[in-house]
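The structure appears below as structure tokens.
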């Protein structure tokens with residue numbers, strides 16, 4: 001396969017055969033040269049076997065076992081480190097994201113933005129289903145963050161984003177646990193004054209399986225990057241040192 005223009009990264013955990021319909025839709029709806037990297041944490045993950053069967057038919061799809069540590073943030077970091085394309089996109093294994101928007105998000109990055117976000121909270125966007133508390137907190141965080149900082153998306157917490165790989169390599173990824181990585185990179189782009197854009201999306205809650213999102217565990221991690229994005233120092237001293245070291249280079 002020729003070098004892809006887009007690397008699509010999907011963190012997965014014990015999805016089994018449930019992941020297959022979404023992968024087929026994704027492969028069909030994305031029209032540019034791409035690779036689809038499904039990242040799991042262990043060799044006994046139930047996601048592996050059905051994805052390997054599908055990859056025999058569709059060579060753009062691969063499953064990789066993450067060795068950066070457990071959790072979605074590490075899976076995404078591992079996927080980015082193995083991505084061949086200069087544009088990368090993160091989407092979830094649960095089928096909540098609209099695969100028809102992948103090409104448009106990637107195109108925005110090719111035009112020069114560092115992050116292209118699919119936004120549930122801009123005009124034309126919508127969120128269907130999901131826990132009420134999670135919906136309210138996510139909307140409040142996204143819209144207030146945009147209002148305070150002027151960053152180019154009202155949905156900074158959404159994981160469905162495309163990125164310039166060069167930008168990600170430049171700023172680094174300090175998240176090690178959950179899905180706060182999307183907010184982290186948006187906050188870093190804002191602090192550097194780099195362009196961020198958005199398009200409206202309709203997010204529909206998963207119709208199968210169980211979400212691995214742990215609200216109580218990850219709220220403090222989201223909050224730390226929210227505060228960093230609006231101009232405060234990151235509360236974790238090790239992360240502050242890592243950011244300062246990269247900025248001094």
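Some points to look at:
- All told, residue 199 meets the bar of being closer than 25 Å to residue 28 by Cβ and in contact with a helix residue (DSSP H, G or I) (Cβ under 7 Å, 6 or more places away or on another chain).
- Among residues of the range 97-124, those that are in a loop (DSSP other than H, G, I, E, B) and either closer than 24 Å to residue 168 by Cβ or in contact with a helix residue (DSSP H, G or I) (Cβ under 9 Å, 6 or more places away or on another chain) (or both), counted: 9
- When residues of the range 43-64 are limited to those that are out of contact with any helix residue (DSSP H, G or I) (no Cβ under 8 Å at 6 or more places or on another chain) and either part of a strand (DSSP E or B) or touching a residue at least 24 places away in the same chain (Cβ under 8 Å) (or both), the one surrounded by the fewest Cβ atoms within 10 Å (Cβ to Cβ): 59
- Residue in the range 117-130 that is surrounded by fewer than 13 Cβ atoms within 10 Å (Cβ to Cβ) and within 22 Å of residue 19 (Cα to Cα) present: yes
- Output for the range 34-64, where each listed residue is within 19 Å of residue 173 (Cβ to Cβ) and more than 16 Å from the chain's Cα centre (by Cα): 41, 64
- Considering (1) outside any loop (DSSP other than H, G, I, E, B); (2) within 25 Å of residue 110 (Cα to Cα); (3) touching a helix residue (DSSP H, G or I) at 6+ places or on another chain (Cβ under 6 Å), the lone condition that residue 156 does not fulfil carries the number (1).
- Scanning the range 201-218 for residues that are over 19 Å from residue 21 (Cα atoms) and surrounded by fewer than 16 Cβ atoms within 10 Å (Cβ to Cβ), we see that the one that is modelled with the highest pLDDT is 217.
- Test result for residue 94, surrounded by 20 or more Cβ atoms within 10 Å (Cβ to Cβ) and assigned to a loop (DSSP other than H, G, I, E, B): yes
- Of the residues 159, 144, 138, 110, the single one that is more than 12 Å from the chain's Cα centre (by Cα), within 30 Å of residue 241 (Cβ to Cβ) and either surrounded by fewer than 18 Cβ atoms within 10 Å (Cβ to Cβ) or touching a residue at least 60 places away in the same chain (Cβ under 8 Å) (or both) is 144.
The values are calculated or read from the model by the stated rules, or taken from the named source; none is laboratory data. Computed from a predicted structure; not experimentally measured. No Cβ is skipped: glycine too gets one built from the backbone with ideal geometry, and neighbour counts run over all protein chains shown.
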